[in-house]
Amino acid sequence: MGREFELKYRADKAQLEEIAAVYGPFREIAMETTYYDAPSGVFSRLHWTLRRRLENGVSVCTLKSNLPDGSRGEWETECGDILQAVPRLIALGAPGELAEFTAQGVFPTCAARFTRRAALINAGEGTVELALDWGVLLGGGKELPFAEVEVELKQGSDADAIAFAQSLAARFSLTPEPKSKIRRALALAGK
């Protein structure tokens, strides 16, 4: 199973530029994300994320689920169609219920379009991905600009990521962002 542990912070464009100047160079990734739910609304109820994202034109389908320790299970595969990705995600270890939940199809609920600048950074005994995101959330025919910083653990302990993220937040006056992109986009859509 893939495990995602990340911390998010609200930022503005100036803060992103300050961070980029200190921690660059970054690779740039154009992201176009569509989030899905089943007709039953099960993904929203469970706080699971089912998405298809174009990353510099490459289609990547992902399932994220909550884990008891507050982190998230995460499975992803390159695939051009979200329903065709389901058996692949299950083969990678995603919960088997995913097949049942998507048996009646899925529909797009909201989206995000943004540019990510990302770099791997040494953090304590581990490594984190520092991501600087700038773009818009899309839902209910509305757009909401956003800028945020993500610190995602790639190797090491949660404590390594937390220490790095807290130091970064203090240095650049960042505010924690408790809601994921999908939760904010769903709110924009009135869901």
> So which strands (runs of 3 or more DSSP E) are wholly in segment 1-76 and hold at least 1 residues that are in contact (Cβ under 8 Å) with a residue 40 or more places away in the chain and among the polar types (S, T, N, Q)?
Replying inline: 27-37, 49-55
> In segment 130-141, how many are surrounded by fewer than 17 Cβ atoms within 10 Å (Cβ to Cβ) and under 18 Å from the mean Cα position of the chain (by Cα)?
Replying inline: 1
> Does segment 58-71 contain at least one residue that is loosely packed, with under 15 Cβ neighbours inside 10 Å and in contact with a Ser or Thr (Cβ under 9 Å, 6 or more places away or on another chain)?
Replying inline: no
> Mind checking whether some residue in segment 158-165 is under 17 Å from ALA11 (Cα atoms), within 18 Å of the chain's Cα centre (by Cα) and in contact (Cβ under 8 Å) with a residue 24 or more places away in the chain?
Replying inline: yes
> When both residues are 6+ apart or on different chains and their Cβ atoms are under 9 Å apart, which pairs have a first residue that lies in segment 110-136 and is over 12 Å from ALA147 (Cβ atoms), and a second that is aromatic (Phe, Trp, Tyr) and in a strand (DSSP E or B)?
Replying inline: CYS110/TYR35; ALA111/TYR35; ALA112/TYR35; ALA112/PHE146
> LYS142: farther than 19 Å from GLY73 by Cα, in contact with a helix residue (DSSP H, G or I) (Cβ under 8 Å, 6 or more places away or on another chain), modelled with pLDDT under 95 and of a type outside the set (Asp, Glu), yes or no?
Replying inline: no
> Among the residues of segment 115-138, is there at least one that is over 23 Å from ASP12 (Cβ atoms) and of a type in the set (A, V, I, L, M)?
Replying inline: yes
> In segment 159-191, what count of residues is obtained for those that are in contact with a Gly (Cβ under 9 Å, 6 or more places away or on another chain) and either of a type outside the set (Gly, Ala, Ser) or part of a helix (DSSP H, G or I) (or both)?
Replying inline: 11
>> Restricting to segment 1-41, name every residue that is farther than 22 Å from PRO176 by Cβ, loosely packed, with under 13 Cβ neighbours inside 10 Å and either at pLDDT below 95 or not aliphatic (A, V, I, L, M) (or both).
In response: MET1, GLY24, PRO25, ARG27, GLU28, PRO39, SER40, GLY41
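The values are calculated or read from the model by the stated rules, or taken from the named source; none is laboratory data. What you see is a predicted model, and the numbers here were worked out from it, not measured in a lab. For neighbour counting, all protein chains shown are included, and Cβ atoms are generated from backbone atoms with ideal geometry for every residue, glycine included.
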